[in-house]
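No lab work stands behind these numbers, since they all come straight from the coordinates. Note that the structure is predicted; figures quoted are calculated from it, not measured. Methodologically, a virtual Cβ is constructed for each residue, glycine included, from the backbone with ideal geometry; neighbour enumeration extends over all protein chains shown.
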Protein chains: 2
Amino acid sequence: MHNCTTHSDCIAEALQRAEDICDARGLRFTDVRRKVLELVWQSHGPIKAYDILDQLDQRIASIKPPTVYRALDFLTENGLVHKINSLNAFVGCGHPLKHRECYFLICSDCGEAKECCNLDIVDAVAKTSWRNQFEIKNVTLEITGECSDCRGVH
Amino acid sequence: MHNCTTHSDCIAEALQRAEDICDARGLRFTDVRRKVLELVWQSHGPIKAYDILDQLDQRIASIKPPTVYRALDFLTENGLVHKINSLNAFVGCGHPLKHRECYFLICSDCGEAKECCNLDIVDAVAKTSWRNQFEIKNVTLEITGECSDCRGVH
DNA sequence: AACGTAAATGTTATATTATAACATAACCAT
DNA sequence: ATGGTTATGTTATAATATAACATTTACGTT
Ligand SMILES: [Zn+2]
Ligand SMILES: [Zn+2]
Ligand SMILES: [Zn+2]
Ligand SMILES: [Zn+2]
């Protein structure tokens, strides 16, 4: 499902990126936020808030829903994590500094959510918003279907 | 927020369209389904499942959540209603026969969700899926922001 | 009409997702 | 150290959605 060479490195890099971004912006990358982000990356795919909660519970007793949701809010607001509304799940952003209007290819078979960027889509969305005199705050584009792996395409 | 000339006509037309579509497809447009669709159109914007439930309760006692969700599932599966995942709400489809890949311009101020179609977007989405050898089942595109009315644009 | 079946709805209970409200603790600038 | 701000702890509950099984309804076949 994921093809990073060494997943522990992949997690470590994401955490380091997050720390650097928070430092640069004067934000506090607290222990709770770090642990939540770590679990998001550990899953290497969309993960649900209560699954994060369960996994935290095994390490730290007394973690409650508001704590997890607050951390996810922080991470989402700062572009380190994206919420996938059609799944009620959260996924780490692979390029938090470059992220503009990306979209997800979500495989309903294996569960992978691949984040992609595409200028044609960004352009088309921008143009159509402009034509409607609509001021964009946020764009959610979730494409559900079957990925090449699950289709057996080579 | 909505600019149909006579809203009762607008609702009646939507119900008639739905009935015709169900007839043509051999589907049963039952009383529950009709009433749910009527309430969706009455709101003339995204409405939540439990708000539908509350309004039905005033007319018919003993309507319970599963009844509403089943009706919404039926209406959604048959393209008469769309779910807006970022709002956990449902909205009537304005063109259930022509509907392909549409998107919503959702005003976070007045709550309007305008359904639009745009071939450039459809194309760009199709192309990028093709490049990823991804087989599309469903596309969700929700653009949140501020509409022209709320921005005071003329 | 009576029967059999499938689809729809009723009903009870519960699962899942998310937030309100207030108390305490940690952090940081002065 | 003091006071203000931000983050977390804590308790409770709100909001969204489904599982499981019982009953009713629709409808074609006999
Ligand atoms: Zn991203
Ligand atoms: Zn897959
Ligand atoms: Zn539509
Ligand atoms: Zn508006």
Self-check item: In region B:47-103, trypsin sites (Lys or Arg not before Pro) in a DSSP loop with at most 11 other beta-carbon atoms within 10 Å
Solution: B:Lys98, B:Arg100
Self-check item: Percentage relative contact order, region A:7-151, counting C-alpha pairs under 8 Å, at least six apart
Solution: 19
Practice problem: Write down the Å³ per residue value for the convex hull defined by the alpha carbon atoms of the protein assembly as shown. | Solution: 171
Quiz item: How far apart, in nm, are two points set 7 Å out from the Cα along the Cα-to-Cβ line at A:Tyr50 and at A:Asp149?
Solution: 2.7
Practice problem: Could you work out how far helix B:119-131 tilts from the main Cα principal axis of chain B, as a 0 to 90 degree angle to the nearest 10? | Solution: 70
Exercise. Considering only chain A, pick the residue with its Cβ nearest the axis of the rotation onto chain B, and state the distance in whole Å.
Key: A:Asn85, 2
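So if R0 is 35 Å, what FRET efficiency would A:His7 and B:Lys127 give, r being the distance between their Cβ atoms, rounded to the nearest 0.05?
Approximately 0.65, to the nearest 0.05.
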Self-check item: Label geometry 7 Å along the beta-carbon vector: A:Gln133 inter-copy distances in nm
Solution: 4.8
Quiz item: In vacuo Debye scattering of region A:19-82, one point per C-alpha: log10 I(q)/I(0) at q = 0.24, 0.27 Å⁻¹?
Solution: -1.03, -1.26
Quiz item: From the cross-link list A:Lys48/B:Lys64; A:Lys114/A:Lys137; A:Lys48/A:Lys114; A:Lys83/B:Lys83; B:Lys83/B:Lys114; A:Lys35/A:Lys137, which pairs have alpha carbons spaced over 19 Å apart?
Solution: A:Lys48/B:Lys64; A:Lys114/A:Lys137; A:Lys35/A:Lys137
Exercise. Would you mind pulling out the separation of the Cα centroids of region B:69-90 and region A:45-92, in Å?
Key: 26
Quiz prompt | Signed unit charges on C-beta, dipole axis of chain B, positive-most listed residue B:Ala24, B:Ile47, B:Gln133 | solution = B:Gln133
Quiz item: With charges only on Cβ, +1 for K and R and -1 for D and E, what is the dipole size of the protein assembly as shown about its Cα centre, in debye, rounded to 20?
Solution: 240
Exercise. Note down the nm distance, to one decimal, between modelled labels 7 Å out along Cα→Cβ at B:His95 and at B:Arg70.
Key: 3.4
Quiz item: Angle between the Cα long axis of helix A:65-77 and the longest principal axis of chain A, 0 to 90 degrees, nearest 10?
Solution: 40
Quiz prompt | Principal semi-axes in Å for region B:7-151 [√(5λ), Cα gyration tensor, largest first] | solution = 27, 19, 15
Quiz item: Dipole magnitude of chain A about its Cα centre, charges +1 at Lys/Arg Cβ and -1 at Asp/Glu Cβ only, in debye to the nearest 20?
Solution: 460
